[in-house]
1. Give the residue, chosen from VAL92, VAL103, that is under 24 Å from the mean Cα position of the chain (by Cα), open to solvent by 60 Å² or more (accessible area, probe 1.4 Å) and within 30 Å of GLY155 (Cα to Cα).
2. Scan (1) in a loop (DSSP other than H, G, I, E, B); (2) in contact (Cβ under 8 Å) with a residue 12 or more places away in the chain; (3) of a type outside the set (Asp, Glu) for the single condition GLY297 breaks and write down its number.
3. Among the residues of the range 259-274, is there at least one that is open to solvent by 10 Å² or more (accessible area, probe 1.4 Å), within 15 Å of ILE201 (Cα to Cα) and out of contact with any Phe, Trp or Tyr (no Cβ under 9 Å at 6 or more places or on another chain)?
4. Out of TYR68, TYR8, report the one residue that is among the hydroxyl-bearing types (Ser, Thr, Tyr) and surrounded by 15 or more Cβ atoms within 10 Å (Cβ to Cβ).
5. Tell me yes or no: at least one residue of the range 249-256 is outside any helix (DSSP H, G or I) and within 20 Å of TYR69 (Cα to Cα).
6. When the residues of the range 214-244 are filtered to those that are over 17 Å from SER195 (Cβ atoms) and aliphatic (A, V, I, L, M), which remaining residue is most open to solvent (accessible area, probe 1.4 Å)?
7. Give just the number: which of (1) within 23 Å of ASP38 (Cβ to Cβ); (2) touching a strand residue (DSSP E or B) at 6+ places or on another chain (Cβ under 8 Å); (3) of a type in the set (A, V, I, L, M); (4) part of a loop (DSSP other than H, G, I, E, B) does LEU269 not satisfy?
8. Within the range 297-317, take every residue that is modelled with pLDDT under 95 and open to solvent by 80 Å² or more (accessible area, probe 1.4 Å) and give me the one that is farthest from the chain's Cα centre (by Cα).
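The values are calculated or read from the model by the stated rules, or taken from the named source; none is laboratory data. All of these numbers come straight from a predicted model, not from anything done at the bench. Backbone-built Cβ (ideal geometry, glycine too); neighbour counts: all protein chains shown. Calculation scope for accessible area: heavy atoms of the full protein, side chains included, ligands and nucleic acids excluded. Shrake-Rupley method; radii C 1.70, N 1.55, O 1.52, S 1.80 Å.
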Amino acid sequence: MGQSFYVYNNGDLRRKDNTLQFTPYEGEKRDIPIERIDDIYVMSEMTFNTSFISYISQYGIPIHFFNYYNFYTGSFYPKEKLLAGQLLVKQVEHYSDYDKRIVIARKFIEAAADNIYRNLRYYNGRGKDVSAYMAEVDDLRRKIPDTDSIQELMGIEGNIRKHYYAAWNVVVDQEICFEKRVMHPPDNMINSLISFVNSMIYAKVLTEIYHTQLNPTVSYLHEPGVRRFSLCLDISEVFKPLVGDRLIFSLLNRRQITEDSFTKELNFLHLKKEASGLIAKELEDRLKKTIMHKELGRQVSYQYLMRLEAYKLTKHLIGEKEYEGFKIWW
């Protein structure tokens, strides 16, 4: 696997012979070997032309765009190279058949809830008393197998996260006064941080789905809709506690991110450039870490786990093996 390329300075990105070249409005030109790039993240103003788009499409490189406030705004998704009509039919069939759909939706929430519980257990074992929150989460997650509607399932998931986020005030060493999750727009430092990290995970999942035969617009937990890759939202649920939340805890407890990392005059909506870059670097480092995979019997990176999740879902759709969401076992 290659690496992600982040653009934080305003400039021009174009094709140069058989590679890419970034020319910032202030600074020196930089050549980027295209063979080493998995995806591109644009955190600034950038200009490019159709020649550039055509070239990265040949290599299957998605571009993910973020605005001034570090809010994810969309992606350029190259023409799919691994099209599989039969799999698409199966994807739609498992969405249209409600009984089949809710089986998959439950699996996403079961894995997410299990990973949330493991996070709390980890910190509870290290002197942070979150046992009361663990008990609430454990009680709620036991109700997941009995749900018979997506609405009921989402309600349980929302209550799990309510108790989980309340525990953050104990887990995080800084004074954060985190009361509830607010997204549109985030209303404080923690909500802004969660939104940014979650959107990065969403983009990572989209990149990995591109390298499979799945269609990212057909989903099961989240309702498919216009202008969004809703399957990425489904799979992201599994990895937000495992990758995103653990990264946030580490950044806050090591004081790499504090209130000073945000523009206070904008109600902490805007991450400063240096902070945004730090988070992206720490996320990349975390995604490169490997674990010994139980079934494969070899080391795999956290990022590759996302692609494996898509492969597992594919096997479920074609009837080869029932899907089980990835759960932390350590």
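1. Unique residue meeting the criteria: VAL92.
2. Unmet for GLY297, out of (1) in a loop (DSSP other than H, G, I, E, B); (2) in contact (Cβ under 8 Å) with a residue 12 or more places away in the chain; (3) of a type outside the set (Asp, Glu): (2).
3. No, every residue in the range 259-274 fails to be open to solvent by 10 Å² or more (accessible area, probe 1.4 Å), within 15 Å of ILE201 (Cα to Cα) and out of contact with any Phe, Trp or Tyr (no Cβ under 9 Å at 6 or more places or on another chain).
4. Step by step, each of TYR68, TYR8 is checked, and only TYR8 is among the hydroxyl-bearing types (Ser, Thr, Tyr) and surrounded by 15 or more Cβ atoms within 10 Å (Cβ to Cβ).
5. To start, the set of residues in the range 249-256 that are outside any helix (DSSP H, G or I) comprises 254-256.
Pick out the ones that are also within 20 Å of TYR69 (Cα to Cα) and you get 256.
Yes - at least one qualifying residue is present in the range 249-256.
6. VAL226
7. All conditions are met except number (1).
8. ARG298
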